[in-house]
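Let me begin by presenting the structure, written as structure tokens, before commenting on it.
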Amino acid sequence: MNRLLLIGPDFYGYTNNIAAVFKSNGWTVTAIQVKLKTGSFYRRQDAQSISAYNLQVTETARSGRFDHIIVVKGEHLFESTLKHLKQAGTSVFLFLQDSCRGSITGHYLKYFDKILTFEDTDTKYLKSLGYNAIFFGAAVSPDIYYPQPDIIKDIDICFVGHFSEGREDILWAIINQFRNFKIAIGGHYLGRHPKYYPRWIKYYLQGGHKYFLNRDMTPSEVCNLYNRTKICLNLIHTQSVEGFNPRLLEIAATKSFQLCSANAILEREYKRIGVDIFHSNAEMYEKIEFYLNNSKESEKLADLSYKIALENTYNKKITLLT
């Protein structure tokens, strides 16, 4: 029986999703996760948690006999810990959730036998540096994100994610244009840092509290929200150029319609995969109004994107992980 040591962040199920796939295929999986509170107030507690996490990883790798070790994302691992993993004598893989430029310090990459990427430009970049990089692409767990056909679509527009890379401006543009629509925006919006103070004004004095949930959401809550929504907004991060972001498949797996901000790969593929794209706020407004008034068109696209999601499950891509 194959034995796997899986190491990663405790972030709403991503690491557990991968563990479940291996277990369903007959593997014995030992999973180690780190959960941080983050923020300056918790800095000392987080430092202690990271140290304890690295110690647990090192001791587990030493004591176990694993066929493979997979590190998800790679944040918060010390170089000394990676050395111990490499010395364990098994294959050590890095499974990226984001661009390789932000997930793990560059010179740490030498400790991995294989690097699996979400973004194909990262694959080419890493190969140019001599690393064994393979394009994994986005994947989805259909037991977590799935259609709920009997649910009522009582929300017009939703978005779930971080408020970066101009996303906040787009979301407020939608709010100001469609204030009478039912809009739900998931994610932690407010913060204690002074740079977030303008958000507090918008949230309490400009009606933001009606639209921003101001909290992170579990995968089951996100799945439910997508199923309830007529137009799921997918604002593509700039790190996604030649690879779909995971959110695209998560929305598609619920058989919900999504409207995406355009990027290079979506310009070529959006018709084939059953989504629509926009290039400007004006075009976004126009398409929101069109699809809200033409539900049969959005349903046709959602049916097509659902088929694409089922072709890109973790279970079907498991061979790339070993």
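Residue by residue, here is whether (1) surrounded by 14 or more Cβ atoms within 10 Å (Cβ to Cβ); (2) at pLDDT 90 or above; (3) touching a His at 6+ places or on another chain (Cβ under 9 Å) holds:
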| position | (1), (2), (3) |
| --- | --- |
| Asn2 | no, no, yes |
| Tyr14 | yes, no, no |
| Ile18 | yes, no, no |
| Val29 | yes, yes, no |
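Given the criterion assigned to a loop (DSSP other than H, G, I, E, B) and either within 15 Å of Cys158 (Cα to Cα) or charged (D, E, K, R) (or both), identify the matching residue among Glu250, Glu242. Spell out how you get there, then give the answer.
Numbers: Glu250 fails: assigned to a loop (DSSP other than H, G, I, E, B).
Just a single option satisfies the conditions, and that option is Glu242.
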Of all residues in region 204-222, which are more than 18 Å from Gln258 (Cα to Cα), under 17 Å from the mean Cα position of the chain (by Cα) and surrounded by 15 or more Cβ atoms within 10 Å (Cβ to Cβ)? Met217
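Determine whether region 280-298 contains at least one residue that is among the basic types (Lys, Arg) and at negative phi. Break it down into steps so the answer makes sense when it comes.
Keep residues of region 280-298 that are among the basic types (Lys, Arg), which gives 287, 296.
Okay, now just the ones that are also at negative phi, so 287, 296.
Yes, some residue in region 280-298 is among the basic types (Lys, Arg) and at negative phi.
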Mind checking which residues of region 58-95 are among the polar types (S, T, N, Q), surrounded by fewer than 18 Cβ atoms within 10 Å (Cβ to Cβ) and modelled with pLDDT under 85? Gln87
From the residues in region 114-126 that are over 14 Å from Val72 (Cα atoms) and not hydroxyl-bearing (Ser, Thr, Tyr), which one is nearest to the chain's Cα centre (by Cα)? Glu119
Checking Asp169 against (1) surrounded by 13 or more Cβ atoms within 10 Å (Cβ to Cβ); (2) farther than 30 Å from Leu321 by Cα, which test does it fail? (1)
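So which residues in region 172-222 are part of a loop (DSSP other than H, G, I, E, B), within 30 Å of Asn17 (Cα to Cα) and hydrophobic (A, V, I, L, M, F, W, C)?
Those that are part of a loop (DSSP other than H, G, I, E, B), within 30 Å of Asn17 (Cα to Cα) and hydrophobic (A, V, I, L, M, F, W, C): Leu190, Leu213, Met217.
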Considering region 223-239, residues that are among the polar types (S, T, N, Q) and part of a helix (DSSP H, G or I), and then whichever is surrounded by the fewest Cβ atoms within 10 Å (Cβ to Cβ), we arrive at Asn224
Per the list (1) farther than 21 Å from Tyr131 by Cβ; (2) at pLDDT 85 or above; (3) crowded, with 18+ Cβ neighbours inside 10 Å, residue check on Asn25 breaks on (3)
I'm trying to understand the selection: among the residues of region 285-322, which are part of a loop (DSSP other than H, G, I, E, B) and closer than 25 Å to Phe178 by Cα? Asn294
Every pair of residues 6+ apart whose Cβ atoms lie under 9 Å, when the first sits in region 282-293 and is under 14 Å from Leu233 (Cα atoms) while the second is small (Gly, Ala, Ser) and part of a helix (DSSP H, G or I): Met284/Ala173; Tyr285/Ala173; Tyr291/Ser298; Leu292/Ser298
Inspect all residues belonging to region 268-284 and state whether any of them is assigned to a strand (DSSP E or B), touching a strand residue (DSSP E or B) at 6+ places or on another chain (Cβ under 6 Å), over 23 Å from Thr123 (Cα atoms) and not polar (S, T, N, Q). yes
Are any of the residues in region 151-164 surrounded by 15 or more Cβ atoms within 10 Å (Cβ to Cβ) and of a type in the set (Ser, Thr, Tyr)? no
Across (1) under 23 Å from Glu221 (Cβ atoms); (2) part of a loop (DSSP other than H, G, I, E, B), Tyr131 clears everything bar (1)
Restricting region 295-312 to residues that are more than 16 Å from Asn227 (Cα to Cα) and of a type in the set (A, V, I, L, M), which is surrounded by the most Cβ atoms within 10 Å (Cβ to Cβ)? Ile308
Can you name the residue in region 187-203 that is in contact with a Phe, Trp or Tyr (Cβ under 7 Å, 6 or more places away or on another chain) and under 25 Å from Glu250 (Cβ atoms) and is also surrounded by the most Cβ atoms within 10 Å (Cβ to Cβ) among such residues? Tyr189
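Taking the condition touching a strand residue (DSSP E or B) at 6+ places or on another chain (Cβ under 8 Å), more than 22 Å from Glu289 (Cβ to Cβ) and not aliphatic (A, V, I, L, M), does Phe212 pass?
On the way: touching a strand residue (DSSP E or B) at 6+ places or on another chain (Cβ under 8 Å): yes; more than 22 Å from Glu289 (Cβ to Cβ): yes; not aliphatic (A, V, I, L, M): yes.
So Phe212 fits the description; yes.
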Looking at region 96-115, which of its residues are at pLDDT 85 or above and in contact with a strand residue (DSSP E or B) (Cβ under 8 Å, 6 or more places away or on another chain)? Leu109, Tyr111, Phe112, Asp113, Lys114, Ile115
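The values are calculated or read from the model by the stated rules, or taken from the named source; none is laboratory data. What you see is a predicted model; the values in this text were computed from it and never measured. Note that we place each Cβ from the backbone using ideal geometry, even for glycine, and neighbour counts take in every protein chain shown.
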